[in-house]
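Here, each number is a calculation from the coordinates, and none is a lab measurement. Given the structure is predicted, the values throughout are model-derived calculations rather than measurements. Cβ: placed from backbone, ideal geometry, glycine included. Neighbour counts: every protein chain shown.
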Amino acid sequence: MNDKLQALRLFVRVARTGSFSAAARELDLSQPSVSRIIAALEKDVGEALVTRTTRAVTLTEVGSDYLLRVEAILASLEEADHAARGSRELRGSLRVAMPSSFGVREIVPVMPGFLARHPSLNVSLLMSDQRQDTVKEGVDVALRLGELADSSATARTIGRTQRLIAASPAYLKARGTPGTPADLSSHAAIVGPAGTSAGTWSFRKDGQSASVRIDSRLTVSVNEAAIAAAVAGIGVVTTALWGCRAELASGSLVRLLADWEMGDVEVHGMFTPGRPPKPAARALVEYLIAELRR
């Protein structure tokens, strides 16, 4: 039974990564072992599940249908095991996707409490400022900032944080401090993944709205680079509060136009569509709701 379960779990990772070698690395197996196990599974099923080429592994029509059924079975089995234990203890593995800066600054610092509560659970944090393919990456829950693009996914709102603009004291000394949103039109802007539109920044105050076109002096693909650039004095940056909390506290960045609102950024826990959420995924989201709202 354990051999069949291992084969099924391995098949899911091969299917989602499209690679024997990637699945082998994830599960600490050799590539020949992966190939042998999948071949044995196909023999047991009586049908070809994957098509092997020199460039990728793709699912056959039978394999695609088999994958959906196997994922549902594995999720139900994990749920049954958790219920049978009759306790809050979680076991197995949990894969969590999130933006890298948000993960480093906000999630990692609160993870010790969750890990101490569930010592038999192994957690993988997949960090990238580009949104991961949750299905292909085998993600159990993704932490998303802002609006959710996938309306078919089940999600929980974990919390919200303010969006703001900031600059370094050295930059403000050289270029002056903006007093109104309109003043930003004469300033250099740093645009990162946590920023708003690269062309226009919008503000609200006392029921009035204001939009200003900004000069994007520097565009970066990761939020940490945007914050570092602002600290270095390159320009004004817009980000969520979590993205520069430490720099504001240390004084290396100064918040600007504090009486103008740029809107809040919601944080969601999005469960991978197509299968029931793992108990561990639901538990982590509940934990983060409590921790991040403190």
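Taking the Cβ of each residue in 186, 101, 93 as the centre, tally the other Cβ atoms inside 10 Å and list the residues starting with the fewest.
Values: 186 11, 101 25, 93 15.
Least to most surrounded, the residues fall as 186, 93, 101.
Computed over segment 1-86, relative contact order equals 27 percent, with contacts defined as Cα pairs under 8 Å that lie 6+ residues apart.
Restricting attention to the chain, close to 65% of DSSP beta bridges with both partner residues there are antiparallel. Annotation: the residues 241, 49, sorted from fewest to most other C-beta atoms within 10 Å of their own C-beta, follow the order 241, 49.
In segment 1-86, the alpha-carbon atoms span a convex hull of 95 Å³ per residue.
From the largest down, segment 145-294 spans 54, 32, 29 angstrom on the principal axes of its Cα atoms. Report the FRET efficiency, 1/(1 + (r/R0)^6), for residue 6 and residue 72, where r is their Cβ-Cβ distance and R0 is 22 Å, rounded to 0.05. Calculated transfer efficiency: 0.75. Over the chain, the alpha carbon radius of gyration divided by the compact-protein estimate 2.2 N^0.38 Å works out to 1.22.
I need the fraction of alpha carbon pairs in segment 50-135 separated by more than 18 Å, rounded to a whole percent.
On the way: 2311 of 3655 pairs.
Across segment 50-135, Cα pairs with separations above 18 Å total 63 percent.
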